[in-house]
Amino acid sequence: MLIEHLNHRLRERDAQALRRQRRTAESPCAPHQRVSGRDMLSFCSNDYLGLANHPDLIEALAAGARRYGAGSGASHLISGHSRAHVLLEDELARWLSPCIPEAKTLSFCTGYMANLALLTALGDTSATIFADKLNHASLVDGALLAKAPLQRYPHGRLDLLANQLWRCSTPIKLIVTDAVFSMDGDLADLPALLALAEAHDAWLVIDDAHGFGVLGNDGSGSLSHFGLRSERLICMGTLGKAVGLGGAFVAAHPSVIDWLVQSARSYVYTTAAPPAIAHAVLTSLRLIAGDEGEARRARLAQSIAMLRDGLTTLVQQYPGLGWRLADSATAIQPLIVGDNAAALALAAGLDAQGLWVPAIRPPTVPVGTARLRITLSAAHTPKDVQALLDGLAQAAGTLQ
Ligand SMILES: *Cc1c(COP(=O)(O)O)cnc(C)c1O
């Protein structure tokens, strides 16, 4: 009976073209990858700077393990807090301090856990959480787990957010937003959000998973990109995307960090990440801030421009397919197809040509906006981008 119940629900997902499948990467994360026994050219990862397989990081990870051991052995508050974590937190604090005066940081095993920590620790019964409807699932889950009531505003509608803030009577207000929206690639209007936060004495919590390493001065992220500076800014950044390793951090005023250490359950009740990862992240940060990072960001920008040009032409050539290019200037370039089955068919048409681009369907994106989520990396060459454009043209010819 129990198994039958689940099988029934799985068949329902099949019928709606919503069943998810995993593929097995058999070589390191890179544009040219061996996947489930086939050689693929992939446009899926969030490894925006192409650092995930960088020899310096592989060496730093090994050196970190030799120096600090393989595992941390315990949570941060017991005995798992290593010198490597301290050095990383100090370095990240320096990165964010131009935007957050006196910034301190706290490192986490994952961005998902960092967001749960932030929203549950700050979102107590004295607070209200205001969230963009397209925020990442980890922010949504954090808000649902928090004691504070949640008010969501339609994507980017700061006029409606302002109304919600005016009507709110709780003493603490938390405005929470992705900086770069993960399925659309567009940027939140952070200066306007900060102005609202100031007018209403609210915290502004920024999820910079897709900005840190790529945007701003030396890759220091979206706050720097917009030149913001305020002690009411709280920034979550991830270390598994552009930074090429794994983990996350929260940067904020020292009192926020202290409060998270005291009360954030997804910080307190979990084993600290292996210190070797923190050690290797320090190497990655040096690359990102140096000439190599600059060169990689420039290559990424060229690929973004080339892909957008090609996609714009393609969308105009095949109006009957109803494809739409999202308004994004970042490495996330969604091609919105609409229907779930059509998105899957397009992904399958590319797959047959050895091109790996994920189809993203509800509930990850709103119903009727199923899409290909094309992501670019500094490791993609112009030839790779052209191969994707040619593959899309061929698929379009078949599907129209
Ligand atoms: C990936 C992502 C996260 C989660 O970070 P992980 O380190 O992968 O857990 C949080 N927010 C956004 C916007 C993301 O894209």
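The values are calculated or read from the model by the stated rules, or taken from the named source; none is laboratory data. Predicted model, so just to flag it, every value in this text is computed and none were measured. Quick reminder, even Gly has a Cβ in these numbers, built from the backbone with ideal geometry, and neighbours come from all protein chains shown. Side chains included, ligands, DNA and RNA excluded: accessible areas come from the protein's heavy atoms. Shrake-Rupley method; radii C 1.70, N 1.55, O 1.52, S 1.80 Å.
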Name the residue, out of 154, 98, 149, that is more than 15 Å from the ligand (Cβ to nearest atom) and in contact (Cβ under 8 Å) with a residue 40 or more places away in the chain. 98
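Report yes if some residue within region 216-228 is at pLDDT 95 or above, on the phi < 0 side of the Ramachandran plot, within 10 Å of the ligand (Cβ to nearest atom) and not assigned by TED's automatic domain parsing to the domain that holds residue 44; otherwise report no.
In the first step, residues of region 216-228 are kept if they are at pLDDT 95 or above; the result is 216-228.
From what's left, on the phi < 0 side of the Ramachandran plot: 217, 220, 222-226, 228.
Filter again for within 10 Å of the ligand (Cβ to nearest atom), leaving none.
Checking region 216-228: not a single residue is at pLDDT 95 or above, on the phi < 0 side of the Ramachandran plot, within 10 Å of the ligand (Cβ to nearest atom) and not assigned by TED's automatic domain parsing to the domain that holds residue 44.
One line per residue, one yes/no per condition, for (1) under 22 Å from residue 215 (Cβ atoms); (2) aliphatic (A, V, I, L, M); (3) free of Cβ contacts under 8 Å to residues at least 60 places away in the same chain:
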residue: 4; (1), (2), (3): no, no, yes
residue: 9; (1), (2), (3): no, no, yes
residue: 16; (1), (2), (3): no, no, no
residue: 26; (1), (2), (3): no, no, yes
residue: 40; (1), (2), (3): no, yes, no
residue: 49; (1), (2), (3): yes, yes, no
residue: 61; (1), (2), (3): no, yes, no
residue: 73; (1), (2), (3): no, no, no
residue: 84; (1), (2), (3): no, yes, no
Taking interchain pairs and intrachain pairs at least six residues apart, which have beta carbon atoms under 6 angstrom, with the first residue in region 128-141 and charged (D, E, K, R) and the second at pLDDT 95 or above? 132/155; 132/177; 133/152; 133/154; 133/155
Any chance region 381-398 includes a residue that's in contact with an Asp or Glu (Cβ under 9 Å, 6 or more places away or on another chain) and among the β-branched types (Val, Ile, Thr)? no
Hey, could you check region 322-372 for residues that are assigned to a helix (DSSP H, G or I) and out of contact with any Leu (no Cβ under 8 Å at 6 or more places or on another chain) and say which is surrounded by the fewest Cβ atoms within 10 Å (Cβ to Cβ)? 348
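Would you check if residue 249 is within 16 Å of the ligand (Cβ to nearest atom) and not in a strand (DSSP E or B)? So that I can check it myself, show each step before the final result.
Values: within 16 Å of the ligand (Cβ to nearest atom): yes; not in a strand (DSSP E or B): no.
In short, no.
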Scan of region 261-294 for residues that are surrounded by 24 or more Cβ atoms within 10 Å (Cβ to Cβ), more than 16 Å from the ligand (Cβ to nearest atom) and within 14 Å of residue 109 (Cα to Cα), ordered by number: 275, 276, 279
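Taking region 132-146 as the search range and keeping residues that are within 12 Å of the ligand (Cβ to nearest atom) and of a type in the set (Gly, Ala, Ser), which one is nearest to residue 111 (Cα to Cα)?
Going through region 132-146, the residues within 12 Å of the ligand (Cβ to nearest atom) turn out to be 132, 134-142.
Going one step further and asking which of them are of a type in the set (Gly, Ala, Ser), we end up with 137-138, 142.
Values: 137: 11, 138: 8, 142: 11 Å.
Top of the filtered list is 138.
Each row is one residue, and each column tells you yes or no for (1) more than 20 Å from residue 332 (Cβ to Cβ); (2) buried (at least 19 other Cβ atoms within 10 Å of the Cβ); (3) under 13 Å from the mean Cα position of the chain (by Cα).
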{"residue": "177", "(1), (2), (3)": "no, yes, yes"}
{"residue": "182", "(1), (2), (3)": "no, yes, yes"}
{"residue": "202", "(1), (2), (3)": "yes, yes, no"}
{"residue": "206", "(1), (2), (3)": "no, yes, yes"}
{"residue": "212", "(1), (2), (3)": "no, yes, yes"}
{"residue": "225", "(1), (2), (3)": "no, yes, no"}
{"residue": "236", "(1), (2), (3)": "no, yes, yes"}
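From the list 86, 176, which one is more than 14 Å from the ligand (Cβ to nearest atom) and among the β-branched types (Val, Ile, Thr)? Quick ask: steps written out before the conclusion?
Details: 176 fails: more than 14 Å from the ligand (Cβ to nearest atom).
The conditions single out 86.
Residues to consider are 86, 35; find the one that is in contact with a strand residue (DSSP E or B) (Cβ under 6 Å, 6 or more places away or on another chain) and surrounded by fewer than 19 Cβ atoms within 10 Å (Cβ to Cβ). Write out each step before concluding.
Numbers: 86 fails: in contact with a strand residue (DSSP E or B) (Cβ under 6 Å, 6 or more places away or on another chain).
Criteria check complete, one pass: 35.
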Output for region 108-120, where each listed residue is open to solvent by 10 Å² or more (accessible area, probe 1.4 Å) and in contact with a Phe, Trp or Tyr (Cβ under 8 Å, 6 or more places away or on another chain): 108, 113
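Of the residues that make up region 164-171, is at least one away from the ligand (no atom under 14 Å from the Cβ), open to solvent by less than 10 Å² (accessible area, probe 1.4 Å), part of a strand (DSSP E or B) and over 23 Å from residue 237 (Cβ atoms)? Outline the logic, then answer.
Step one: list which residues in region 164-171 are away from the ligand (no atom under 14 Å from the Cβ), which gives 164-171.
Then keep just the ones that are open to solvent by less than 10 Å² (accessible area, probe 1.4 Å); that gives 165.
Checking the rest, the ones that are also part of a strand (DSSP E or B) come to none.
No, there is no match, as no residue in region 164-171 is away from the ligand (no atom under 14 Å from the Cβ), open to solvent by less than 10 Å² (accessible area, probe 1.4 Å), part of a strand (DSSP E or B) and over 23 Å from residue 237 (Cβ atoms).
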